[in-house]
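Readers should treat all values here as calculations from the given coordinates under stated rules, not as data from a laboratory. Everything numeric in this text was worked out from a predicted model, so none of it was measured. Note: ideal-geometry Cβ built from the backbone for every residue, glycine included; neighbour counts use all protein chains shown.
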Amino acid sequence: MSYVRSLVVASILAAVAWFIYPEVNNKVDLQLVLAAAVFVSVIVGSMLSGKTASRSKKSGATSSDLKTLFVGNLAFKARRDELSTLFSEYGQVNSVRIMTDRETRRPRGFGFIEMNANDAKAAIKALDGYEFMGRELKVNEANERKAD
């Protein structure tokens, strides 16, 4: 969210507050409401834009350069940091998700790794069939999620 958009939102919030609460009709109170609205919208706007900026800086790649890998036959005791370490030998790992059961919160034995497309190909080639924590991993490119 840009700062201009934040200021527009803040101005609208201040105007709405001014009309809803007639007791803030004097000039000092309206300026305080406007200042508070600007402050809140700028903070929220910078937090939202900071999340997206930090994610793209962290990965160093655009979303079109990233591939999601399916990793099956995972040991139930496997952890995100261990998978990240294993896959980072073949390139930069953007994210690791180990899927869990909604009710029991126990691991389901598979997960997803997001990494650069070229690095993903190397990881698939090297790690498909690799023994990890006593189990032979199944690694391939993830399919798109089907719409419900």
Next on the checklist: Between Phe70 and Met133, what is 0.36 nm times their sequence separation minus the Cα-Cα distance? Round to one decimal in nm.
Outcome noted: 21.0 nm
Item to check | Label-point separation in nm, Asn118 to Lys77, each point 7 Å along Cα→Cβ | outcome: 3.8
Checklist entry - What ranking do 97-103, 69-75 get when scored by the average of other Cβ atoms within 10 Å per residue, highest first? => result 69-75, 97-103
Item to check | Coarse-grained scattering of the range 63-141 at q = 0.11, 0.16, 0.23 Å⁻¹, given as base-10 log I(q)/I(0) from a Debye sum over alpha-carbon atoms | outcome: -0.25, -0.52, -1.03
Checklist entry - If you count, for each residue, the other Cβ atoms within 10 Å and average over each peptide, how do 124-134, 107-117 line up from highest to lowest? => result 107-117, 124-134
Checklist entry - What's the local net charge at Phe132, with K and R +1, D and E -1, over the other residues with C-beta under 13 Å away? => result -1
Checklist outcome for this item: Label model pair Glu141, Arg106: point-to-point distance (7 angstrom along the Cα→beta-carbon line) in nm is 3.5
